[in-house]
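The values are calculated or read from the model by the stated rules, or taken from the named source; none is laboratory data. Since the model is a prediction, treat every value here as computed from it, not as a measurement. With ideal geometry, Cβ positions are generated from the backbone for all residues, glycine too; neighbour counts draw on all protein chains shown. In case anyone asks, the SASA skips ligands and DNA or RNA and just uses the protein heavy atoms, side chains included. Shrake-Rupley method; radii C 1.70, N 1.55, O 1.52, S 1.80 Å.
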Amino acid sequence: MMIDLSGKVALVTGGARGIGRGICLTLAEQGADVAVADLLADSAASVAVEMERMGRRSQAISMDVTSRPSIQTAVSQVLDDMGRIDILVNNAGVVGAGNWWGRDKPSDEDWHFTHMVNVRGVVMVTEAVQDQMIQRGSGRIVNIASIAARQGSPDIPHYSTTKAAVVSWTQSNAHQLAPYGITVNAICPGLLWTDMWQAISRRRSATTGEDISGRALFERAVENMTPMKREQTPEDIGKLAAFLASDDARNITGQAINVDGGIRMN
């Protein structure tokens, strides 16, 4: 099945690196023009250049998903420059506040910051984008959750809680927007070697006291947890995002789909 997103305009939050970058490049490969929203201006600009080399329109925009004024300014800029937003991918996410991996348990700041980025950020960006989708009677929204939403976590409970909230919000928002022809779905990534997992590895190495590299710890987790015995990649997430953004997925909404090599089977 060939996915064709030609003529579509996508906005991806947290698109400068990791899963976000993989989603941006995959959407562009399938024909979409993509706005990369991130606080990492230089990295976002580099991703935009990569997509322009594919022959796509792209722009890098500054967006703080915890600030409604920042969101409104960024969304207005995309609409002014690119005309509309057909696809929204809410990817921006954090595991905790600064140096969270060095704490024995999450602080109040960890709980607050993860909620503001992972939950309120998703809601506020969606609210800023959905009205123009409603007016056109079409749109695709993809929220990046996590398999951490499927079960509790002894070391990052604040993160698991926020990702469970993303799944719940996806279902509620799907109900709200279905009458307007807009689908809303979530993707739950598994184990990916990104900056986020590198920080998780540092924390777990410090907790266990093992003399083992973060990468080796990650590979052990993949071996022990994943039936397929292989890690997932940003491109894996991007491919599902592209499908959910396509007309082929027009009757799929309110779903949270795992991309995790079988770690969690629903």
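For the reader, a short list of remarks on this structure follows.
- Taking the stretch 5-105 as the region of interest, the helices (runs of 4 or more DSSP H) fully inside it that hold 1 or more residues being open to solvent by 10 Å² or more (accessible area, probe 1.4 Å) and within 26 Å of Tyr180 (Cβ to Cβ) are 68-82.
- Residue within the stretch 184-202 that is among the basic types (Lys, Arg), closer than 24 Å to Asp260 by Cβ, touching a helix residue (DSSP H, G or I) at 6+ places or on another chain (Cβ under 7 Å) and crowded, with 16+ Cβ neighbours inside 10 Å present: no
Yes/no per residue for (1) without any contact (Cβ under 8 Å) to a residue 12 or more places away in the chain; (2) touching a Lys or Arg at 6+ places or on another chain (Cβ under 8 Å); (3) more than 18 Å from Ile141 (Cβ to Cβ); (4) of a type in the set (S, T, N, Q):
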position	(1), (2), (3), (4)
Ala41	no, no, yes, no
Val47	no, yes, yes, no
Arg56	no, no, yes, no
Gln77	no, no, yes, yes
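- Sole exception among (1) touching a Lys or Arg at 6+ places or on another chain (Cβ under 9 Å); (2) at pLDDT below 95; (3) under 21 Å from Ser246 (Cα atoms) for Trp100, by number: (3)
- Where helices (runs of 4 or more DSSP H) sit wholly within the stretch 162-266, those with at least 2 residues that are out of contact with any Gly (no Cβ under 7 Å at 6 or more places or on another chain) and farther than 30 Å from Gly139 by Cβ occupy 195-208, 214-225.
- Every listed requirement among (1) farther than 21 Å from Ser76 by Cβ; (2) open to solvent by 20 Å² or more (accessible area, probe 1.4 Å); (3) among the hydroxyl-bearing types (Ser, Thr, Tyr) is met by Thr162 save one, (2).
- From the options Val125, Val129, Val119, residue that is open to solvent by 10 Å² or more (accessible area, probe 1.4 Å) and either touching a His at 6+ places or on another chain (Cβ under 6 Å) or modelled with pLDDT of 95 or more (or both): Val119
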